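Trainee: I have a structure here, written as structure tokens, and I will follow up with some questions on it.
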Amino acid sequence: ATQAKVSYSVEQWRPLVAKYFPADQVENALRVIKYESGGNPYNKNLGDNHGVCIGSFGLMQIGCHSGQVYDPEQNIKIGSWKYYGAIAHGKPGWNPWYNTAVKLGLI
């Protein structure tokens, strides 16, 4: 028997993204989620080497964090911390997702 592939929509995460990200960045955060995980909260990339840790996990592909990265709310919350902590040119930004952000035209 073949197992049906589960399909995820990033739209289901909009309320959580809106809770933790600034209103003018909700669409961008959803684009990052779509690119990073396809909206799958259980997505993992064990090939990511961050120097001090290995792997990126969950919706926003969080690395180097001991939080509950597969829990959608915790993952988005941690993502917002990274967003707010990445101060560039006096404002927060998408540098923690540098390659994705470049591809999406966010930086």
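Trainee: On C-alpha positions alone, give me the angle between the axis of helix 72-85 and the longest principal axis of the chain, in degrees, nearest 10.
Mentor: Approximately 20 degrees, to the nearest ten.
Trainee: Sticking with this one: Where only protein heavy atoms count, and the probe is 1.4 Å, what is the accessible area per residue for the chain in Å²?
Mentor: Values: 6430 Å² over 107 residues.
Accessible area per residue, the chain: 60 Å².
Trainee: Now, a different point. Please state the relative contact order of the chain as a whole percent: Cα pairs under 8 Å, 6+ residues apart?
Mentor: Values: 145 pairs, mean separation 19.9, N = 107.
It comes to 19 percent, rounded to a whole number.
Trainee: I would also like to ask the following. For segment 55-95, what % of the accessible area comes from carbon and sulfur atoms, probe 1.4 Å?
Mentor: Values: 1010 of 1920 Å².
Reported share for carbon and sulfur atoms: 53 percent.
Trainee: Oh, and also: Is segment 26-97 rounded, prolate or oblate when judged by the Cα gyration tensor, a ≥ b ≥ c being the square roots of its eigenvalues, rounded requiring a/c under 1.5 and prolate requiring a/b larger than b/c?
Mentor: Values: a/c = 1.66, a/b = 1.23, b/c = 1.35.
Oblate, since a/c reaches 1.5 and b/c is not below a/b.
Trainee: I've got another one for you. Which angle between 0 and 90 degrees, to the nearest 10, do you get for helix 26-37 versus the longest principal axis of the chain when only C-alpha atoms count?
Mentor: That works out to roughly 50 degrees.
Trainee: What FRET efficiency would be calculated for the residue pair TYR42, ASN95, taking the C-beta separation as r and a Förster radius of 30 Å, to the nearest 0.05?
Mentor: Values: r = 25 Å, r/R0 = 0.85.
Rounded to the nearest 0.05, the efficiency is 0.75.
Trainee: Could you calculate the contour length gain from TRP81 to GLU11, that is, 0.36 nm times the residue separation minus the distance between their Cα atoms, to one decimal place in nm? Walk me through the intermediate numbers first.
Mentor: Numbers: separation 70, 0.36 × 70 = 25.20 nm, distance 2.10 nm.
Full extension of this stretch gives 23.1 nm more.
Trainee: Work out, step by step, the length gained on full extension between ILE107 and GLU73: first 0.36 nm times the residue separation, then minus their alpha carbon distance; give nm to one decimal.
Mentor: Working: separation 34, 0.36 × 34 = 12.24 nm, distance 2.51 nm.
Computed gain between ILE107 and GLU73 is 9.7 nm.
Trainee: What lysines sit close enough to LYS77 to cross-link, taking a C-alpha to C-alpha distance under 22 Å and skipping anything fewer than 8 places away on the same chain?
Mentor: Here the lysines satisfying the reach criterion relative to LYS77 are LYS19, LYS34, LYS44, LYS91.
Trainee: Ok, one more. Once you sort the root eigenvalues of the Cα gyration tensor of segment 13-64 as a ≥ b ≥ c, which label holds: rounded (a/c under 1.5), prolate (a/b larger than b/c) or oblate (the other case)? Show your work: numbers first, answer last.
Mentor: Details: a/c = 2.70, a/b = 2.00, b/c = 1.35.
Here segment 13-64 falls in the prolate category.
Trainee: Given points 7 Å out from each Cα along the Cα-Cβ axis, report the ASN49 to ASP24 separation in nanometres with one decimal.
Mentor: A separation of 3.9 nm, rounded to one decimal place.
The values are calculated or read from the model by the stated rules, or taken from the named source; none is laboratory data. Everything numeric in this text was worked out from a predicted model, so none of it was measured. All Cβ positions, even for glycine, are placed from backbone atoms using ideal geometry, and neighbour counts span all protein chains on display. All accessible areas refer to the heavy atoms of the entire protein, side chains included, with ligands and DNA or RNA removed. Shrake-Rupley method; radii C 1.70, N 1.55, O 1.52, S 1.80 Å.
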